[in-house]
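As structure tokens, the structure follows; a few thoughts come after it.
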Amino acid sequence: MSRRALILGLLLIFGLVFIAACQAEISSDGDNSQPPYPAAVAQQVEAIINLVSLANLDQTTRIDVLRREDGDDCTSANCVDLFSITDEEAIHSLVEALDRDLYLRSRDQCPALYLLVFHLTDGRQHEIGYACEMTSPSFLRGGQIYWKGRDVIAPDSFNRVISAYLTDGGNLEASFQE
């Protein structure tokens, strides 16, 4: 029995060491765009999306911000218009923050509080649900097929820009907790 306990103990220790070794490091600037997922997940192409590439967000001319009034995720039917972001520098900053590999993860159980509508130069629109209770990590989600019914953690650089607009508009329920 003691030999069996020793083997189980060693397996447990090796398992913990393996899990710790597989954790990806967060960049030194504090950006959570590379969450600490096991390296095996990072290597699976279907577990990573780049929203700028997939949705052509680099063609964004305006971003409408809507807020959920009731119900589930914010949609055009249950949201109210808050404001539009038309400043080219702000749009560029938001799009640049999303131009990276974002890891798909299980969908959060809470509904998206905001809906961000990206208007492109060719007239197309992409709707992306944003946040939970405005705490970090906040999430992004969408209905397009590449989301696979999952969420991504919004990069801190994205949160900083959008939260400045939400705070200026007096629409922020709680400040981000970084």
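So which residues in region 111-143 are in a loop (DSSP other than H, G, I, E, B) and either small (Gly, Ala, Ser) or touching a residue at least 60 places away in the same chain (Cβ under 8 Å) (or both), if there are any at all? If you could, list the steps in order and put the result at the bottom.
From region 111-143, those in a loop (DSSP other than H, G, I, E, B) are 111-113, 121-124, 131-138, 142-143; that's our starting set.
Within region 111-143, Ala112, Leu113, Thr121, Asp122, Gly123, Arg124, Ala131, Ser136, Pro137, Ser138, Gly142, Gly143 qualify.
For region 77-110, give me each residue that is farther than 21 Å from Pro155 by Cβ and assigned to a loop (DSSP other than H, G, I, E, B).
Ala77, Asn78, Thr86, Gln109
Looking at the structure I just gave you, is Arg105 surrounded by fewer than 21 Cβ atoms within 10 Å (Cβ to Cβ) and touching a Pro at 6+ places or on another chain (Cβ under 9 Å)?
yes
Taking only pairs six or more apart or across chains, which ones have beta-carbon atoms under 6 Å, a first residue in region 67-89 that is of a type in the set (Asp, Glu), and a second residue that is modelled with pLDDT of 75 or more?
Listed by first residue and then by second, the contacts come to Glu69/Val80; Asp72/Pro111; Asp73/Pro111; Asp73/Ala112; Asp73/Gly129; Asp81/Leu66.
Return the residues of region 93-137 that are small (Gly, Ala, Ser) and out of contact with any Leu (no Cβ under 9 Å at 6 or more places or on another chain); say none if nothing qualifies.
Once the filter is applied, which keeps residues that are small (Gly, Ala, Ser) and out of contact with any Leu (no Cβ under 9 Å at 6 or more places or on another chain), region 93-137 yields Ser93, Ala97, Ser106, Gly123, Ser136.
If you take the residues of region 85-144 that are among the basic types (Lys, Arg) and more than 19 Å from Val161 (Cβ to Cβ), which of them is farthest from the chain's Cα centre (by Cα)?
Ranking the candidates gives Arg124 first.
The values are calculated or read from the model by the stated rules, or taken from the named source; none is laboratory data. This is a predicted model, so every value here is computed, not measured. Note that each Cβ is placed from the backbone with ideal geometry, even for glycine, and that neighbours are counted across all protein chains shown.
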